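S.K.: Before we start, here is the structure in question, set down as structure tokens.
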Amino acid sequence: MKCAICNAEPAGYEPDAASASMLIRYRCQRCGTYRISRDTLTQLSALSPDDRRRLQATARQAWSRKNELTLTPNDLSFLIAGQPPRRTPMDSADALVLYLGARVAALHQTVTITPGEDFPLFNTLDGTELEYLIRLLTKELKLVDDSALHIATRCELRLTPAGWARYDELRRSNRQADRAFVAMWFDPTLAPVFDEAIAPALDAAGYRPDRIDRVHFPNKIDDEILARIKRCAVLVADFTSERDHPGGRGGVYFEVGYALGLGVPVIWTIRKDQLPKVHFDTRQYPFIDWSDAEDLKKRLADRIGALLPQ
Ligand SMILES: [Zn+2]
């Protein structure tokens, strides 16, 4: 059986006993273990190679955090967007340095990397590119040391002192990686949506919700808001609004548009009864159509789980 995402063989394959909804569980050395619904399989075959690669990277990175993704037609575009496109190939070098630094507790320890299987972890194109990247980091940049073992298919890597300095630098510049920006109508009637659903779901996933809207002027977009959207790792947008503006106010649409333009992943939510009222141009997006705070908290937590930083 071939893996549904990367088409590589062999992949473990079994109907998911725990779900009544016809999910299939795949286990792939490259893409990790994930579940997929049958109607998603047909959608996958229509993806461009680049989108497929980004989906593979999202799935594998989630699996490395022991998080098994569920692929449904609704979530597909969100999971692809969860993997930012590489600005330059050196983004992958930084990802490898961060990965190594986060996984060793002592200087002499090493981390095993199998390029042919592990390349999606660093958003590299394939095993060949990852091998080249490791060579570059060891021989040229001297940030990584592979002297412990290097056989054809497997390397034992650790950071050099220069690599640790780079790791520190990356950690500092990434300090907003746990920031989530919340765009919503901050009206007292919607306070439970933030306090009982959005904030606890973000907290549980290790994100700090940015509540700037609460202390700023409501519905006014200023430079501080734009700067915070630029620095956040994810934006949660709830479009629920009052009777005169069902389907969301202009400010929320603006903030979401700005985030999408910057490549910040967006999670779309709205109370179920207002879903038909959202702006026509946004109906293609996978809204979480929640019924109450409890429902939103649970479904939001599921979706955020796919996005945790490494
Ligand atoms: Zn695969």
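The values are calculated or read from the model by the stated rules, or taken from the named source; none is laboratory data. All of these numbers come straight from a predicted model, not from anything done at the bench. As a convention, Cβ positions derive from the backbone with ideal geometry for all residues, glycine included, and neighbour counts pool all protein chains shown.
Yes/no per residue for (1) away from the ligand (no atom under 13 Å from the Cβ); (2) under 22 Å from Asp126 (Cβ atoms); (3) in the same structural domain as Phe119 (by TED's automatic domain parsing):
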position: Ile5; (1), (2), (3): no, yes, no
position: Thr42; (1), (2), (3): yes, no, no
position: Asp50; (1), (2), (3): yes, yes, no
position: Gln56; (1), (2), (3): no, yes, no
position: Ser64; (1), (2), (3): yes, yes, no
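S.K.: From the list Arg30, Arg25, Arg35, Arg60, which one is touching a Lys or Arg at 6+ places or on another chain (Cβ under 8 Å), within 16 Å of the ligand (Cβ to nearest atom) and closer than 30 Å to Ala165 by Cβ?
M.R.: Numbers: Arg30 fails: closer than 30 Å to Ala165 by Cβ; Arg25 fails: closer than 30 Å to Ala165 by Cβ; Arg35 fails: closer than 30 Å to Ala165 by Cβ.
The conditions single out Arg60.
S.K.: Take the residues in the range 125-159 that are out of contact with any Ser or Thr (no Cβ under 7 Å at 6 or more places or on another chain) and exposed (fewer than 13 other Cβ atoms within 10 Å of the Cβ), then tell me which one is modelled with the highest pLDDT. Lay out the reasoning, then the answer.
M.R.: Of the range 125-159, the ones out of contact with any Ser or Thr (no Cβ under 7 Å at 6 or more places or on another chain) are 125-129, 131-132, 134-141, 147, 149-152, 155, 159.
Cutting the leftovers down to exposed (fewer than 13 other Cβ atoms within 10 Å of the Cβ) gives us 128, 139-140, 147, 149, 151-152.
Working: Thr128: 93, Lys139: 90, Glu140: 89, Ser147: 71, Leu149: 60, Ile151: 63, Ala152: 64.
Among those that are out of contact with any Ser or Thr (no Cβ under 7 Å at 6 or more places or on another chain) and exposed (fewer than 13 other Cβ atoms within 10 Å of the Cβ), it is Thr128.
S.K.: Report those helices (runs of 4 or more DSSP H) wholly inside the range 6-105 carrying at least 2 residues which are touching a Phe, Trp or Tyr at 6+ places or on another chain (Cβ under 9 Å). Outline the logic, then answer.
M.R.: Details: elements: 38-45, 49-64, 76-81, 90-103.
Of the helices (runs of 4 or more DSSP H) lying wholly inside the range 6-105, those with at least 2 residues that are touching a Phe, Trp or Tyr at 6+ places or on another chain (Cβ under 9 Å) span 49-64, 76-81, 90-103.
S.K.: It is to be established whether one or more residues within the range 181-198 are surrounded by 13 or more Cβ atoms within 10 Å (Cβ to Cβ) and within 24 Å of Ala57 (Cα to Cα).
M.R.: yes
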